[in-house]
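Asks: First the structure, then my questions, so here it is.
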Amino acid sequence: MPNPTAAMLVIGDEILSGRTRDANMHYLAQELTKQGIDLNEVRIVSDDAPAIVAAVKALSEAFDQVFTSGGIGPTHDDITADCMARAFDAHIDIRDDARALLQAHYDKSGLELNAARLRMARIPDGAVLIDNPVSTAPGFTIENVHVMAGVPLVFQAMVASVLPTLTGGSPLLSQTLRVDRGEGDIAATLSALADTYQDLSIGCYPFQINGAFGANVVVRGTDGAQIDAAMTRLAKDLDL
């Protein structure tokens, strides 16, 4: 059976403007790999409601799981929750359980649960809250879409809350062989290897050190024995 598939939707003008560097995609990819869920697509969209809604609909239909990051905070440009409600034709309002979490948090902190902070308790009908042990304000899951914060520490905590609830497949394994030759010198060998081992992913990542060209060849798959055989064949074909 093939592994479940996933996509990620990164939301925010700050990512597209270059003001903020996204770290969440890298973290999510690593965690999904461990879980045996294949991350097959990542999209980045601006804080534009029609664009977010369209992307959510497309990804939700195409993949088993969708993870979003960004846009669920207390400010006017945090529109992700409303977009999720629109995408799934769900009513959205302040939820009592989300409000109770925030009230307890801000009471303990000695801060007011004002109107802006209360925006973070707006949850679409039918959604399940995602625990946030870092800053309390919850994410939520609606259909097959997991809606999470953009702040990396909070995003990571929410991923840790969600992943145990998902069914994974076979973890992705990989081995790397460093070859001190240019890509052009090994391309034919890699093509032949890929033809023989069609269930494996074979990537070539070039580098240059002190004027000398080389490449790291990475073989990925879920069958460790097959990866071993491919690596042995590659080393033999390249006389390494």
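The values are calculated or read from the model by the stated rules, or taken from the named source; none is laboratory data. The structure presented is a predicted model; accordingly, all values stated were derived computationally and were not measured. Quick reminder, even Gly has a Cβ in these numbers, built from the backbone with ideal geometry, and neighbours come from all protein chains shown. Note: areas computed on protein heavy atoms with side chains; ligands, DNA, RNA excluded. Shrake-Rupley method; radii C 1.70, N 1.55, O 1.52, S 1.80 Å.
Asks: Once you sort the root eigenvalues of the Cα gyration tensor of the range 149-240 as a ≥ b ≥ c, which label holds: rounded (a/c under 1.5), prolate (a/b larger than b/c) or oblate (the other case)? Spell out each step's value before the answer.
Replies: Values: a/c = 3.54, a/b = 1.68, b/c = 2.10.
Verdict is oblate for the range 149-240.
Asks: Hey, what number do you get for the chain at 222 nm if only DSSP H runs of n ≥ 4 count, each worth -39500 (n - 2.57), divided across all residues, to the nearest 500?
Replies: Numbers: 9 runs with 95 residues, N = 240.
Dividing the helical sum by the residues of the chain leaves -12000 deg cm²/dmol.
Asks: On to the next question. Kindly write out, for the range 183-200 in residue order, the coupling ³J(HN,Hα) from the Karplus curve 6.51 cos²θ - 1.76 cosθ + 1.60 (θ = phi - 60°), rounded to whole Hz, with x marking Gly and Pro.
Replies: Those phi angles translate into 4, x, 7, 10, 4, 5, 5, 5, 4, 5, 5, 5, 5, 6, 10, 6, 7, 9 Hz.
Asks: Could you do me a favour and compute the accessible area per residue for the range 52-183, 1.4 Å probe, result in Å²? Please report the intermediate quantities before stating the final value.
Replies: Working: 6390 Å² over 132 residues.
About 48 Å² of surface per residue is accessible.
Asks: Among (1) 69, 42, 35; (2) 56, 41, 29; (3) 93, 46, 34, which is the computed Cα extents along the principal axes in Å?
Replies: Calculated Cα extents along the principal axes in Å: the matching label is (1).
Asks: Would you please give the residues with an amide H less than 5 Å from that of Gln65, counting only those at least 5 places away or on a separate chain, with H modeled from the backbone geometry?
Replies: Sorted by chain and number, the residues that satisfy this are Thr5, Ala6, Ala7.
Asks: Taking amide H positions as placed in the peptide plane 1.01 Å from N, state which residues far from Phe140 in sequence (5 or more) or on other chains have amide H under 5 Å from it.
Replies: Residues meeting the amide H criterion: Ile130, Val147.
Asks: For helix 224-237, what angle does its Cα long axis make with the longest principal axis of the chain, in degrees from 0 to 90 and rounded to 10?
Replies: Taking Cα atoms only, the helix is inclined about 40 degrees.
Asks: Exactly which trypsin sites (Lys or Arg not before Pro) in the range 118-187 are in a DSSP loop and have at most 15 other Cβ atoms within 10 Å? Each step should come with its number before you reach the end.
Replies: Numbers: sites: Arg119, Arg122, Arg178, Arg181; in loops: Arg181.
Of the trypsin sites (Lys or Arg not before Pro), the ones in loops of the range 118-187 whose Cβ has at most 15 other Cβ atoms within 10 Å are Arg181.
Asks: Right, next: For helix 24-35, report the angle its Cα long axis makes with the longest principal axis of the Cα atoms of the chain; keep it between 0 and 90° and round to the nearest 10°.
Replies: 70
Asks: Carbon-plus-sulfur fraction of the accessible area of the chain, 1.4 Å probe, in percent? List each step's numbers first, then the result.
Replies: Details: 6210 of 12490 Å².
Exposed carbon and sulfur together represent 50 percent of the surface.
Asks: With +1 on each Lys and Arg Cβ and -1 on each Asp and Glu Cβ, and nothing else charged, work out how big the dipole of the range 43-153 is about its Cα centre, in Debye to the nearest 20. Kindly include the intermediate steps, with their values, before the conclusion.
Replies: Values: 9 positive and 16 negative charges, 39 e Å.
Taking the Cα centre of the range 43-153 as origin, the dipole is about 180 debye.
Asks: Also, I was wondering about something else. Of the candidates Leu102, Leu193, Leu28, which one comes out as most mobile in a Gaussian network treatment of the chain with C-alpha springs shorter than 10 Å?
Replies: Leu193
Asks: Then there's this: Could you tell me which residue out of Ala81, Ser135, Pro124 lies farthest along the dipole of the range 62-171 toward its positive end? Charges go on the beta carbon: Lys and Arg +1, Asp and Glu -1, centred on the Cα centre.
Replies: The residue sitting most towards the positive pole is Ser135.
Asks: For the range 59-67, just list the computed ³J(HN,Hα) in residue order, Karplus coefficients 6.51, -1.76 and 1.60, θ = phi - 60°, integers in Hz, with x standing in for Gly and Pro.
Replies: Computed from phi, the couplings for the range 59-67 are 5, 4, 6, 8, 10, 5, 9, 10, 10 Hz.
Asks: Can you work out the Karplus-derived ³J(HN,Hα) for every residue in the range 50-57? Use 6.51 cos²θ - 1.76 cosθ + 1.60 with θ = phi - 60°, whole Hz, and x for glycine or proline.
Replies: x, 5, 5, 4, 5, 5, 4, 4
Asks: Continuing with this model, one more query. Would you please give the residues with an amide H less than 5 Å from that of Leu173, counting only those at least 5 places away or on a separate chain, with H modeled from the backbone geometry?
Replies: Gly221, Thr222
Asks: Separate question: Measure out, as a whole number of angstrom, how far apart the alpha-carbon centroids of the range 48-109 and the range 176-240 sit.
Replies: Each part reduced to its Cα centre gives a spacing of 43 Å.
Asks: Taking the Cα atoms only, what angle lies between the long axis of helix 96-109 and the longest principal axis of the chain, rounded to 10 degrees?
Replies: 90
Asks: Springs between alpha-carbon atoms under 10 Å, Gaussian network over the chain: tell me which of Ala90, Ala187, Ala104 tops the mean-square fluctuations.
Replies: Between Ala90, Ala187, Ala104, it is Ala187 that shows the largest mean-square fluctuation.
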